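Okay, so here's the structure we're looking at.
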Amino acid sequence: MIVIRSFDVNKPGFEVDEIKGGVAGGSILKKFCKPKKCDPIASGCFEVNQFIEVRPGIVVKDENGNIKRSYWVGTTMDPTLTRADRLVGQVLGEVGSLPEVFVELEVNFFLLRRLLGVRTKGTERQGKVQKLAKGEILMLNIGSMSTGARVVAVKNDLAKLQLTSPVCTSKGEKIALSRRVEKHWRLIGWGQIQAGITLDVPPCPI
């Protein structure tokens, strides 16, 4: 399930034994329940007391900014982790069923011919979308996650992108590419994940 909203349902003044875990909501992309247990009316297949994990989770970096590891979060999540949509962009699912966590992507991209949403004067035509340049910073939209990415290498319609934040996704997933134009992020194209470098996520101890 891709998380698009998350909440802390606890009210100020709650006692410790009254505190409830965080709430996450989103779209279920893959059903992993057994046919006999699946409710055909329900939109998803999560069950009460089912063990789940969240990826990429809380990311910890060292002094040089390199990612050290990411932590898993159980079903009774600390509500501070879900408050004010803090869980948006994460992927939630049954333990062992989630995709890999990537820190670098290789994508097959397609650029638009002209910029969208840019004001023009009179009969002036919208500006053309320039080719990707090595070292430039883009913004990627992958599922409900928005993250920055630095272009490491470009060859024809293939690009290698180094992510500023790890993303839980899978090969074949489509992404949106945006570039900073006149102090605004503008859509310049889209791509499809071909490969990448993954983060070694410790197995859930449950």
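Any read-out appearing in this document is the output of simple, stated calculations on the displayed coordinates, not a laboratory observation. Because the structure is a prediction, the values reported are computed rather than measured. Positions of Cβ are backbone-derived with ideal geometry, glycine not excepted, and every protein chain shown enters the neighbour counts.
The per residue volume of the convex hull around the alpha-carbon atoms of the range 101-198 is 91 Å³. Close amide-amide hydrogen proximity is noted between G189 and L112, L177, each under 5 Å apart and 5 or more residues distant or on a separate chain (H modeled in the peptide plane; Pro and chain starts excluded).
In this rough spin-label picture, where each label sits 7 Å from Cα along the Cβ direction, the F51-W190 distance is 3.8 nm. Placing +1 on the Cβ of every Lys and Arg and -1 on the Cβ of every Asp and Glu, with no other charges, gives the range 101-198 a dipole of roughly 500 debye about its Cα centre. Measuring r between the beta carbons of L116 and E15 and using R0 = 35 Å, the FRET efficiency lands at 0.10. Pairs from the list K131/K183; K131/K160; K128/K155; K20/K61 with a Cα-Cα gap above 23 Å: K20/K61.
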